[in-house]
Number of protein chains: 2
Amino acid sequence: MALFTVDPAFTAGSVFAADWPLCHVRLQDDARFPWLILIPRVAGATELEHLSVSDRTTLMEETIRAGAIVRALAEAAGRPIDKLNVAALGNVTAQLHVHVVGRRRDDSVWPDPVWGRGSALAFDPAARARALDLIDLG
Amino acid sequence: MALFTVDPAFTAGSVFAADWPLCHVRLQDDARFPWLILIPRVAGATELEHLSVSDRTTLMEETIRAGAIVRALAEAAGRPIDKLNVAALGNVTAQLHVHVVGRRRDDSVWPDPVWGRGSALAFDPAARARALDLIDLG
């Protein structure tokens, strides 16, 4: 039986933030947007339909929880968001994952989606640590 | 109490396809991609968190159902898909809606997301009618 592992592609652009009941949670290392990635710990899953109905319900609720944290991250940075963007794409990295991204009308790519637009701006270490602390509380 | 209505922005680029238990379902009028839009019939909702837990579970299951139909549309057109893209964005039209889009590695914007890329190519009437018939069965 295959064991769950995180695709190495995620480790390049994001950092581990938390383990929730279903998902391995990562903070995208991009100071442009408050942005979490949820990766269900289900080996081999690439589509939502590969999760059980029960896991799908959990994923939805963990998505809501991530949205609240994204809002809190944005407020802590003094830049409250106007809209959440939630997406399971997987065209570049097939392993099933859900992006939860906070967007502002004045952000650099609004109203376009964030994927494939512009370049990531890594957090400075203190800001990254503050974000990870806040996720721990959420 | 506000009544549910579909934002007129949707009627410009998509056609009514079905009413499911939670969602008003539309077919994006774009022959480039098999693409459904699910709009929960909940007045005023713009974020997933605005739905009840029960409605969120239903939305997840209707998203799975839409994914199966998108696969079937793609197969009926002789162009089976490689990946589903599922997203609740709402930067342009805030009313809560979920896109379920079928993607192929050889489609015109792969691996980028479809939103804001290229121009829609309206279905010819016969193809649109065939797609709507197939959705009716799904």
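Where a number appears in this text, it was derived from the coordinates with a stated rule and is not lab data. Keep in mind that this is a model prediction, so the values were computed, not measured. Neighbour counts are summed over all protein chains in view; Cβ atoms, including those assigned to glycine, are modelled from backbone coordinates with ideal geometry.
Below 9 angstrom from the Cβ of residue B:103, what's the summed charge of the other residues (Lys, Arg +1; Asp, Glu -1)?
Numbers: positive: B:83, B:104, B:105; negative: B:82, B:107.
Here the charged neighbours net out to +1.
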Cα gyration tensor, the range B:1-83 - rounded (a/c under 1.5), prolate or oblate: oblate
Of B:80, B:100, A:31, farthest towards positive along the dipole that unit charges on Lys, Arg, Asp, Glu beta carbons give the protein assembly as shown: A:31
Residue A:19 versus residue A:43: modelled label distance in nm, points set 7 Å from Cα along the beta carbon direction: 1.6 nm
Rotation relating A and B, chain B residue nearest the axis via C-beta, angstrom: B:87, 2
Exam field: residue A:41 pseudo-label spacings to other copies (7 Å along Cα-Cβ), nanometres: 4.0
Geometric extent, Cα atoms of the range A:77-138 - Rg, Dmax (angstrom): 13.3, 34
Charged-residue dipole, Cβ positions (Lys, Arg, Asp, Glu), the protein assembly as shown about Cα centre, Debye nearest 20: 320 debye
Copies compared at residue B:4 - label distances in nm, ascending, label defined 7 Å from Cα in the Cβ direction: 3.3
Label point distance in nm, residue B:106-residue B:94, each placed 7 Å from Cα along Cα→Cβ: 4.3 nm
Cα point-scatterer Debye curve for the range B:25-130, base-10 log of I(q)/I(0) at q = 0.12, 0.14, 0.24 Å⁻¹: -0.42, -0.57, -1.38
Chymotrypsin sites (Phe, Trp or Tyr not before Pro) restricted to DSSP loop in the range A:1-58 with at most 15 other C-beta within 10 Å: A:4
Separation of alpha-carbon centers, the range A:19-81 and the range B:2-73, rounded to whole Å: 22 Å
